[in-house]
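Where a number appears in this text, it was derived from the coordinates with a stated rule and is not lab data. Since the structure is predicted, the reported quantities are computational estimates derived from the model, not experimental observations. Every residue, glycine as well, gets a Cβ built from its backbone with ideal geometry; the counts of neighbours run over all protein chains shown.
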Amino acid sequence: MQKTKCKSYLIVSFIVAMLLSGCASNAPSTLFTNIIEDVVSGDTEYSHENALPDSFPGDVPIYPDVVIERSGIAEGMYSLVCYSDEADLLDEITAYYKETLADDGWEIEDVFNLVHEDGLSLTFIKDRRVVGVILYRNGRNGVTHLISVMEPSQ
């Protein structure tokens, strides 16, 4: 396994994802700002492995049969880039995340349609943790899943 230290990868990917979803026009909440500040101080290990990190939170579901392309871990943050081969199942995949996260106690905070993509962004909150799920149809006739989990330090 080849890992590279890349402190800003996860933060930048999360912010870019939020910009794509159009939520940058909304003022960030104090909770979101505090979590970002907690995460900025951590080291990130970025891996090209196609596996779910062992420490990935168990209450954050991953759609069945996705292919994990990349994963990243930082103090207080996890990030996955995945895809599935069924572009026509975007609505079903969206419903899966909404239902299974709600079943695990996550409250949906926001849903945004992506401005320049055929997809959407979902934000969930549980306790002081935040999950962002961005889904969009990709050029491979599939759906890309960008999943970020942010946890504040204790």
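Ranked by Cβ crowding within 10 angstrom, fewest neighbours first, how are ILE125, ILE73 ordered? The partial results should precede the final answer.
On the way: ILE125 16, ILE73 21.
Fewest-to-most ranking of ILE125, ILE73: ILE125, ILE73.
Summing Lys, Arg as +1 and Asp, Glu as -1, what charge do residues with Cβ under 13 Å from the Cβ of ILE108 carry, ILE108 excluded?
Summing Lys/Arg as +1 and Asp/Glu as -1 gives -4.
Over the stretch 86-138, what number does the Rg to Rh ratio reach, with both radii from the alpha-carbon atoms and Rh per Kirkwood? Write down the numbers at each step before the final one.
Working: Rg = 11.3 Å, Rh = 11.5 Å.
Looking at the stretch 86-138, the ratio lands at 0.99.
Quick check: residue separation of ASN50 and ASP91 times 0.36 nm, minus the Cα distance between them. What number comes out in nm?
So the chain would gain 12.3 nm between ASN50 and ASP91.
So what J values fall out for the stretch 128-139 if you push phi through Karplus, 6.51 cos²θ - 1.76 cosθ + 1.60 with θ = phi - 60°, rounded to Hz, Gly and Pro as x?
Taking θ as phi minus 60°, the curve returns 10, 9, 10, 10, x, 10, 10, 10, 8, 5, 9, x Hz for the stretch 128-139.
Taking 0.36 nm per residue of separation and subtracting the Cα-Cα distance, what length does fully extending ASP118 through ARG140 add?
Full-extension gain reported as 6.6 nm.
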